[in-house]
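First the structure, in the form of structure tokens, and then the observations on it.
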Amino acid sequence: MTIESVDPDDVTAADILGSAIERREDPALITGDAEYTDDIQLADMAHMSVVRSQYGHARIEDVDTSEAEAMDGVVGVYTHDDLAREDTPGEAPFNLPVGWLLPSLNDVDHPILADGKVRYQGDAIAIVVAEQRYQAADAAGAVDVSYERLDAVTDPDEALSGDARQLHADADDNVAFDWEIGDAEKTAAAFEDASHTASIELTNQLVIPNAMEPRAAVADYHPGTDELEVFMTSQNPHLHRLLMSGVIGHPEHKLRVKAPEVGGGFGSKIHHYADETLVAWCSKLLDRPVKWTATRSETYQTDALGRGHETEAEIAMDDDGDVIGLRVDTRANLGAYLSTFAPAVPTYLYGTLLSGQYDIPAIHGHVTGAFTNVPPVDAYRGAGRPEASFVVERLMNRAAHEMGMDPAEFRRRNFVPDEAFPYETQVAVVYDSGEYEKPMDEALDLLDYEDFRDRQKEAREEGRYLGVGFSCYIEACGLAPSELAGQLGAQAGLWESSLVRFHPSGTVTAFCGTSGHGQGHATTYAQIVANELGVDYDDVEIVEGDTDEIPHGMGTYGSRSAAVGGSSLVKSARKVVDKAREIAAHSLEADPDDVEFENGEFRIVGAPDRSIGIQSVAEQAYLAHDMPDDMEPGLEATSFYDPDNFVFPFGTHAAIVEVDPETGEIEFEKYVAVDDVGNQINPKIVEGQIHGGVAQGVGQALYEGAEYDDNGTLLTGSMQDYAVPKAEHVPEMDTASTVTPSPHNPLGVKGVGEAGTIAAPQAIVNAVTDALEPFGVDHIEMPMTPERVWRAVDASATADGGHDPEDGTADGGDR
Amino acid sequence: MFPDEFDYYEATSVDEAIDLLAEHSGAETELLAGGHSLLPAMKSGLSSPDVLIDVGGIDDLHGVSVDGDTLVVGAMTSYSDLLDADAAHKHAPAFAAAVGQVGDEQVRNRGTIGGNLAHADPASDLPGAALASDATIVAEGPNGEREIPIDDYFFGMYATALDPGELVTRVEIPSAAGAAGAYAKKPSPSSGYAMVGIAALVETDGGTVTSARVGANGVLDHGVRLEAVEEALVGGSLDQESIEAAAAVATDGIDEAMMMSDLQASAEFRATLLEAYTKRALRATAENAAPRAAD
């Protein structure tokens, strides 16, 4: 069912929106011609290396830099004391700020170099600058740090227990925040009225983002102009400029942040880290360019983690199987410090999605954020929404079982009905549009569901265990509007900015404040602009990721680029057309109201032979020899687009697996993904995003998990130990789409970047527990390694007195 | 990351390599073959030799040949070169099957048979197959050449019967052209190394098993023969029932307390995998026996 790529030369501007044209960025990425941050070589460039804590929690007694300072090529070694010195750039406190405040938030200090204490393995203690990268690394190894070890805690429940060592003086019992959403009383009443309930306890494990390109930065300070240029692996250069400007005290307008080609992020390059800031500080201190590129080990130790929830959840049903209440209590691991958007992820990006695709009249969610001795935890592909969907979809399975109903039919009867949109949930959001039965129907069809249940039965009789799992996910993309975000504590707006500029020759450059790092914006944005302006796709160039070139921007995360950035481009392009229409009318000696625009041509209504192309208008606009009265020359327009609402993509994913109870091994028989991401700009890119997203979800379900020992030492610190899924681990996927446009943006698009990652884990867990239902296995924690599956089978068999799975009398444990 | 500083020497002959080893016997010295175990260990700081002697370019150590009833594999033969040699598949089916599952294509293009066996990583794919194939390790040192039977070769984690001044020059495998062999492996999803890997080489006569050698890696801190399985197989037929019975004794004689235990599989679970993958290796052997019998 793979979508065929289309050559852009075979498509006109009128048809290019929605066409599966090839990604224009791929040849450079594949051949190595693309320039990444680490490819940048500047004259006289020095290299920075970071001395990091070996321990999860320790007081620093002494940092002896003398041996390192004496080594060949070493330019300088700096600690927190050097930051604070009067003769070095900036002013104390050199703390990284948090970008989302909650009323109960304990906003603890996050120094860019440790100030007497380290709180996770990898916490930065000192930096070494040397002429060469190897010299810097060797000298960093020679910095002698004396530690006083402290007890560490890595589990959020233990951290909050009152018995754990406190990380921060001003965060009692390691509580980062205490937050709730929904109506506790109404929900409690629903549970009292319920005729059936089901519950689950689960862990959503910490995962490591693993972008292919490690984080990196090159800073180049120009003392003559006081300009500081920073090239860095950024998903949001303007935001990094603002935050970095504050941390090192360099004026925002003299700081340029540029993201060259960025090799993946999955959220890990949204946040503002110490390392990139320190590179900028060093360049300013030393008056020369400085580069730092993370090693893969540093990537594992310091990139913000994702997920990390401990959750108890319950669901209440009436006699007919209608869900009448849902409540959730979660302890979220935030790691050692508050990363940039960390407080929003387990709260507003999680609690607001607890209604799933379902019409639930009473919901209550309670989340406690915990400081622990692991790296800061922040947004990772999906960010809060996978955790919410995981809880809801696991509960729906339990609930269907409790009701004795088919899991698909139980979901269907509880879907928000088509006529209820826009639908206001009990958890503070309004779903824009949805037709939830359509993807479910398509998925059941692709699964051949009726036939599957027969096959499952026959297989069980042969001692083979097949299972099917559903995931009817919802996500919220394109966070908005800014006013609401402000009320919720965001320290930034959530609009997007763009500039569409015709050149005198008729070609177009479009600048957008999003910052792609693999999504294919150079292609999809060009499709949007070419379509709006009626010019050839090849005549449109896209520029992102440079604070000096682009008016402003909020970056790329949360599947926002199409819905917010794309809409901003539409807005700018339409302003350009409006101006061009006036110039065209002037040139055609007509009233602008009588001029229509189609396929790049302005025509007088009723006199179609009198026309002028928009590219000719552009030429006239720059010649400016004969412009309408009071009109400025030139043809370009800037917009700031602030959406009315989030967009809410949805879909049904389903997996069929076979589980070998003897070895705990899981084989995919089928994986079906039916996604409704609204209108599609480029179906090939949509398909690719689903493939990649599902692969990452498969990773979380079966392979990935950051493991720390009791001292906070990372045990899965390399690709030898941390299993990122490889091609052989990813199932063949049957992908299909339904299309329910978003009603509130001009493209009708929703978002697709995170859908697969949000949808996949619970589809797979539900399939495995369905397969093992005869053994009474109703939950296995992720990653579902063969050993965990094997132990679950073994434990359930033992608990049930060694029952025989073939007798079909297994009871469902705590279901 | 970055390896510590080291001196590098390139040996162009076995004699030169032995001389260099002797010359640097006072320092921590490593022989560099394909580098696919050593270099990652050096980069991650697990290994920090003062001297590297590169033996990968010694021409005499490359190639696969047949000498009478013996398959001779030069120590610096890459996995890929072995797999390209028909003789290897014909005379050493279990060994070739295991080599085919080492790492990935790129690793197989660089890594070498001798380097692997000298390194003796217990989770590598070759120890079990070398044991099952009754290989002989031929090593050369200052006192000349000596032959080490494989059963006397593996001592423990990265430890072998090789002396510090010796290098492996070739591996000799008695022809098993009349036998069937297979290798079944449960790879770690992260590293690709064997959580367990079982190599089996079985000879039958008129449907009756006349000899069987079964070796395992990933289980103990060194490759090990599953002698109870071998004994269970001999005299029976290679049918489903006898395979199950033989696999059921896979852990006999193996002390679970000595079994490898790590994040990916506890000792207890390894014992389960050992039985399951012994079954799979024997089933695959039986399938391979059928076409050989028809030859």
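The values are calculated or read from the model by the stated rules, or taken from the named source; none is laboratory data. Bear in mind that the values here come from a model prediction, so they are computed numbers and not experimental data. We place every Cβ from the backbone using ideal geometry, glycine too, and count neighbours over all the protein chains shown.
Would you confirm, using the coordinates I've provided, whether A:Lys269 is in contact (Cβ under 8 Å) with a residue 60 or more places away in the chain, buried (at least 24 other Cβ atoms within 10 Å of the Cβ), closer than 25 Å to A:Val128 by Cβ and outside the structural domain of A:Gly545 (by TED's automatic domain parsing)?
Yes.
Here are some residues: A:Ala637, A:Ala618, A:Ala673, A:Ala655. Which one is touching a residue at least 40 places away in the same chain (Cβ under 8 Å), in contact with a helix residue (DSSP H, G or I) (Cβ under 8 Å, 6 or more places away or on another chain) and outside any strand (DSSP E or B)?
A:Ala618
In the range B:169-193, which residues are over 19 Å from B:Asp151 (Cα atoms), assigned to a loop (DSSP other than H, G, I, E, B) and away from chain A (no Cβ under 14 Å)?
Hits for the range B:169-193 are B:Ala177, B:Gly178, B:Ala179.
Which condition breaks for B:Ala284 when tested against (1) of a type in the set (Gly, Ala, Ser); (2) within 14 Å of chain A (Cβ to nearest Cβ); (3) buried (at least 18 other Cβ atoms within 10 Å of the Cβ)?
Checking B:Ala284 against (1) of a type in the set (Gly, Ala, Ser); (2) within 14 Å of chain A (Cβ to nearest Cβ); (3) buried (at least 18 other Cβ atoms within 10 Å of the Cβ), the one that fails is (2).
In the range B:64-74, is there at least one residue being within 17 Å of B:His119 (Cα to Cα) and in contact (Cβ under 8 Å) with a residue 12 or more places away in the chain? I'd like the intermediate steps shown before the answer.
Filtering the range B:64-74 for residues within 17 Å of B:His119 (Cα to Cα) gives B:73-74.
From what's left, in contact (Cβ under 8 Å) with a residue 12 or more places away in the chain: B:73-74.
Checked the range B:64-74: at least one residue is within 17 Å of B:His119 (Cα to Cα) and in contact (Cβ under 8 Å) with a residue 12 or more places away in the chain.
Please pick out the residue among A:Glu598, A:Glu589, A:Glu632 that is touching a Gly at 6+ places or on another chain (Cβ under 9 Å), surrounded by fewer than 19 Cβ atoms within 10 Å (Cβ to Cβ) and over 30 Å from A:Leu243 (Cα atoms).
Matching residue, one of A:Glu598, A:Glu589, A:Glu632: A:Glu598.
With the checklist (1) over 22 Å from the mean Cα position of the chain (by Cα); (2) closer than 30 Å to A:Glu25 by Cα; (3) assigned to a loop (DSSP other than H, G, I, E, B) in hand, flag the one item A:Pro628 doesn't pass.
With (1) over 22 Å from the mean Cα position of the chain (by Cα); (2) closer than 30 Å to A:Glu25 by Cα; (3) assigned to a loop (DSSP other than H, G, I, E, B) applied to A:Pro628, the lone miss is (2).
Do we find that B:Leu274 is aliphatic (A, V, I, L, M) and either within 14 Å of chain A (Cβ to nearest Cβ) or on the phi > 0 side of the Ramachandran plot (or both) in this structure?
Answer is yes for this residue.
State all residues of the range A:759-785 that are assigned to a helix (DSSP H, G or I), farther than 15 Å from A:Val698 by Cβ and not small (Gly, Ala, Ser); if no residue qualifies, say none. Before you say what the answer is, go through the steps one by one.
Here is the first cut: in the range A:759-785, the ones assigned to a helix (DSSP H, G or I) are A:759-771, A:773-775.
Next, from what is left, pick out any that are farther than 15 Å from A:Val698 by Cβ: A:769-771, A:773-775.
Answer for the range A:759-785, where residues must be assigned to a helix (DSSP H, G or I), farther than 15 Å from A:Val698 by Cβ and not small (Gly, Ala, Ser): A:Thr769, A:Asp770, A:Glu773, A:Pro774, A:Phe775.
So which residues in the range A:442-473 are more than 17 Å from A:Pro407 (Cα to Cα) and surrounded by 19 or more Cβ atoms within 10 Å (Cβ to Cβ), if there are any at all?
Across the range A:442-473, the qualifying residue is only A:Tyr465.
Which one of these is surrounded by 21 or more Cβ atoms within 10 Å (Cβ to Cβ), under 28 Å from A:Leu353 (Cβ atoms), modelled with pLDDT of 95 or more and among the β-branched types (Val, Ile, Thr): A:Val564, A:Val576, A:Val540?
Among A:Val564, A:Val576, A:Val540, only A:Val564 is surrounded by 21 or more Cβ atoms within 10 Å (Cβ to Cβ), under 28 Å from A:Leu353 (Cβ atoms), modelled with pLDDT of 95 or more and among the β-branched types (Val, Ile, Thr).
Of the residues B:Tyr153, B:Tyr158, only one is more than 14 Å from every other protein chain (Cβ to nearest Cβ) and closer than 26 Å to A:Asp721 by Cα; which?
B:Tyr158
Could you run through the range A:792-803 and say how many residues are within 14 Å of chain B (Cβ to nearest Cβ) and either at pLDDT below 95 or over 10 Å from A:Glu662 (Cα atoms) (or both)?
5
Looking for something in contact (Cβ under 8 Å) with a residue 12 or more places away in the chain, closer than 30 Å to A:Leu150 by Cα and not charged (D, E, K, R) - is there at least one such residue anywhere in the range A:37-46?
Keep residues of the range A:37-46 that are in contact (Cβ under 8 Å) with a residue 12 or more places away in the chain, which gives A:37-40, A:42-46.
Remaining after also requiring closer than 30 Å to A:Leu150 by Cα: none.
No, there is no match, as no residue in the range A:37-46 is in contact (Cβ under 8 Å) with a residue 12 or more places away in the chain, closer than 30 Å to A:Leu150 by Cα and not charged (D, E, K, R).
Against the conditions (1) in contact with a strand residue (DSSP E or B) (Cβ under 6 Å, 6 or more places away or on another chain); (2) not in a loop (DSSP other than H, G, I, E, B), where does B:Glu16 fall short? Just the number, please.
(1)
Considering every residue within the range A:142-149, establish whether at least one is touching a residue at least 12 places away in the same chain (Cβ under 8 Å), polar (S, T, N, Q) and closer than 19 Å to A:Cys282 by Cβ.
Within the range A:142-149 (the criterion being touching a residue at least 12 places away in the same chain (Cβ under 8 Å), polar (S, T, N, Q) and closer than 19 Å to A:Cys282 by Cβ), the answer is no, since none of the residues qualifies.
Among the candidates A:Ala706, A:Ala654, single out the residue that is buried (at least 17 other Cβ atoms within 10 Å of the Cβ), within 14 Å of chain B (Cβ to nearest Cβ), in contact with a Leu (Cβ under 6 Å, 6 or more places away or on another chain) and at pLDDT 95 or above.
Numbers: A:Ala654 fails: within 14 Å of chain B (Cβ to nearest Cβ).
Only one candidate qualifies: A:Ala706.
Out of everything in the range A:270-293 that is among the acidic types (Asp, Glu) and touching a helix residue (DSSP H, G or I) at 6+ places or on another chain (Cβ under 8 Å), what residue ends up being farthest from A:Gly513 (Cα to Cα)?
My answer is A:Asp275.
Looking only at the range A:469-480, decide whether some residue is touching an Asp or Glu at 6+ places or on another chain (Cβ under 8 Å), closer than 27 Å to A:Val391 by Cβ and in a loop (DSSP other than H, G, I, E, B).
For the range A:469-480, residues touching an Asp or Glu at 6+ places or on another chain (Cβ under 8 Å), closer than 27 Å to A:Val391 by Cβ and in a loop (DSSP other than H, G, I, E, B): present.
Restricting attention to the range A:717-732, does a residue exist that is of a type in the set (A, V, I, L, M), under 18 Å from the mean Cα position of the chain (by Cα) and within 14 Å of chain B (Cβ to nearest Cβ)?
Yes, the range A:717-732 contains a residue that is of a type in the set (A, V, I, L, M), under 18 Å from the mean Cα position of the chain (by Cα) and within 14 Å of chain B (Cβ to nearest Cβ).
Could you please let me know if A:Thr524 is surrounded by fewer than 24 Cβ atoms within 10 Å (Cβ to Cβ), polar (S, T, N, Q) and either outside any loop (DSSP other than H, G, I, E, B) or on the phi > 0 side of the Ramachandran plot (or both)? Reasoning before the result, please.
Numbers: surrounded by fewer than 24 Cβ atoms within 10 Å (Cβ to Cβ): no; polar (S, T, N, Q): yes; either outside any loop (DSSP other than H, G, I, E, B) or on the phi > 0 side of the Ramachandran plot (or both): yes.
Spelling it out, it is not the case that A:Thr524 is surrounded by fewer than 24 Cβ atoms within 10 Å (Cβ to Cβ), polar (S, T, N, Q) and either outside any loop (DSSP other than H, G, I, E, B) or on the phi > 0 side of the Ramachandran plot (or both).
Residue by residue through the range A:129-147, note down the ones that are under 21 Å from A:Ala217 (Cα atoms) and not in a helix (DSSP H, G or I).
Matches in the range A:129-147: A:Val129, A:Ala130, A:Glu131, A:Gln132.
Has the range A:148-166 got at least one residue that is over 26 Å from the mean Cα position of the chain (by Cα), surrounded by fewer than 17 Cβ atoms within 10 Å (Cβ to Cβ) and in a strand (DSSP E or B)?
yes
Only one residue in B:Ala290, B:Ala247, B:Ala281 is over 26 Å from B:Ser124 (Cβ atoms) and among the small types (Gly, Ala, Ser), so which one is that?
B:Ala290
Which residue, of B:Val214, B:Val196, B:Val219, B:Val229, is part of a strand (DSSP E or B), touching a residue at least 24 places away in the same chain (Cβ under 8 Å) and away from every other protein chain (no Cβ under 14 Å)? Reasoning before the result, please.
Details: B:Val196 fails: away from every other protein chain (no Cβ under 14 Å); B:Val219 fails: part of a strand (DSSP E or B); B:Val229 fails: part of a strand (DSSP E or B).
After ruling out the rest, the residue left standing is B:Val214.
What are the pairs, 6+ residues apart or on separate chains, where a residue within the range B:1-21 that is more than 14 Å from chain A (Cβ to nearest Cβ) and under 17 Å from B:Gly35 (Cβ atoms) has its Cβ under 6 Å from a residue that is assigned to a helix (DSSP H, G or I) and modelled with pLDDT of 95 or more?
Within 6 Å, the pairs are B:Tyr9/B:Leu20; B:Ala11/B:Ala17; B:Ala11/B:Leu20.
Filter the range B:232-252 for residues that are outside any helix (DSSP H, G or I) and either out of contact with any strand residue (DSSP E or B) (no Cβ under 9 Å at 6 or more places or on another chain) or within 14 Å of another protein chain (Cβ to nearest Cβ) (or both) and give the result.
B:Asp239, B:Ala248, B:Val249, B:Ala250, B:Thr251, B:Asp252
Would you point out the residue of the range A:123-147, among those that are over 25 Å from A:Gly73 (Cβ atoms) and over 35 Å from the mean Cα position of the chain (by Cα), that is nearest to the other protein chains (Cβ to nearest Cβ)?
Initially, the range A:123-147 is screened for residues over 25 Å from A:Gly73 (Cβ atoms), giving A:123, A:146-147.
Then keep just the ones that are over 35 Å from the mean Cα position of the chain (by Cα); that gives A:146-147.
On the way: A:Ser146: 21, A:Tyr147: 19 Å.
So the residue we want is A:Tyr147.
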